[in-house]
Amino acid sequence: MSKNKQVILFIVEGITDQSALEPIMKNILKEKDDKIKFRMLHKDITSHKDSKTNNIKKKLGEEINKYLDTYKLKRKDIREVVHLIDTDGAFVSDTNIEEKNEGEIEYTEDKIKVKDSLHLKERNKRKTEIVKLLYKTDKICGDIIYKIYYFSRNREHVLNNKEEPLTEEEKNDIADEFSEKYEQNIEEFYKFMCYSSGGVGDEYKASWEFIMEGTNSLKKYHNFHIYLQLLLTRYDDLS
């Protein structure tokens, strides 16, 4: 890697997160000194049953080190880590969780309906504790800059205005549609992300405090625009 070129490493849950955003983000920086790379975890590490507040930074560090080992890079080659997650309504009160007899988990603007409410409450508690730790974390793997951003209740809700349950094929299709729409139209991508009603505020900490209030984590909000605005400041000729 050249002396000045560094990697901005995006950590995402699944393939559709990568296919929706990677082409756009790479095109944003195609003429710049830094470059975008994605690492897919195939899970939500913030709510995984093996994740806890006392091991989550280690788990994230292991994923970053796997990336470094695979591509023969050093920590100094990483400019920053950008971690993208879905809120999954995880920050709501237990009183907003209803148990139902059958069917898949169901989300509304103020309720989560699920067969096993106890399991969901445990998941929400675990995810809430971990995310509260991570959004206050500035560095990972020693001295690599780290920030975590959210889509609420999930990426499809924010980017594609989809509230209903989707099949994997449908998720793949709308992820591809989104990237194709904006990959060559970065200005419109910025307008969509930074000036829509779903973008929460201009300050990182306040955006997290907001999404953890009441039933906000079930509604259509995101704070990814805050990172995009940082990019605009860093590279003032983005277009």
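The values are calculated or read from the model by the stated rules, or taken from the named source; none is laboratory data. As the structure is a computational prediction, the values presented were derived from the model and not from experiment. Counting neighbours? That spans all protein chains shown, and the Cβs are built from the backbone with ideal geometry, glycine included. For accessibility, only protein heavy atoms count, side chains too; no ligands or nucleic acids. Shrake-Rupley method; radii C 1.70, N 1.55, O 1.52, S 1.80 Å.
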Qualifying residue in region 10-17 (condition: hydroxyl-bearing (Ser, Thr, Tyr), open to solvent by 20 Å² or more (accessible area, probe 1.4 Å) and either at positive phi or touching a residue at least 12 places away in the same chain (Cβ under 8 Å) (or both)): no
Check on residue 22, at pLDDT 95 or above, of a type in the set (D, E, K, R), in a strand (DSSP E or B) and open to solvent by 10 Å² or more (accessible area, probe 1.4 Å): no
Checklist (1) more than 17 Å from residue 144 (Cβ to Cβ); (2) modelled with pLDDT of 95 or more applied to residue 103, failing item: (2)
For residue 181: the one exception among (1) farther than 29 Å from residue 52 by Cα; (2) in contact (Cβ under 8 Å) with a residue 60 or more places away in the chain; (3) open to solvent by 20 Å² or more (accessible area, probe 1.4 Å); (4) part of a helix (DSSP H, G or I): (2)
Hits in region 25-40 (condition: open to solvent by less than 20 Å² (accessible area, probe 1.4 Å), free of Cβ contacts under 8 Å to residues at least 60 places away in the same chain and in a loop (DSSP other than H, G, I, E, B)): 34
Yes/no for residue 133 being under 25 Å from residue 108 (Cβ atoms), open to solvent by 10 Å² or more (accessible area, probe 1.4 Å) and either of a type in the set (Gly, Ala, Ser) or touching a helix residue (DSSP H, G or I) at 6+ places or on another chain (Cβ under 9 Å) (or both): no
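One line per residue, one yes/no per condition, for (1) of a type outside the set (Gly, Ala, Ser); (2) surrounded by 17 or more Cβ atoms within 10 Å (Cβ to Cβ); (3) closer than 16 Å to residue 146 by Cα:
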| residue | (1), (2), (3) |
| --- | --- |
| 43 | yes, no, no |
| 50 | yes, no, no |
| 54 | yes, no, no |
| 57 | yes, yes, yes |
| 67 | yes, yes, yes |
| 76 | yes, no, yes |
| 84 | yes, yes, yes |
| 89 | no, yes, no |
| 92 | yes, yes, no |
Qualifying residue in region 60-82 (condition: among the small types (Gly, Ala, Ser), in contact with a strand residue (DSSP E or B) (Cβ under 7 Å, 6 or more places away or on another chain) and over 20 Å from residue 208 (Cα atoms)): yes
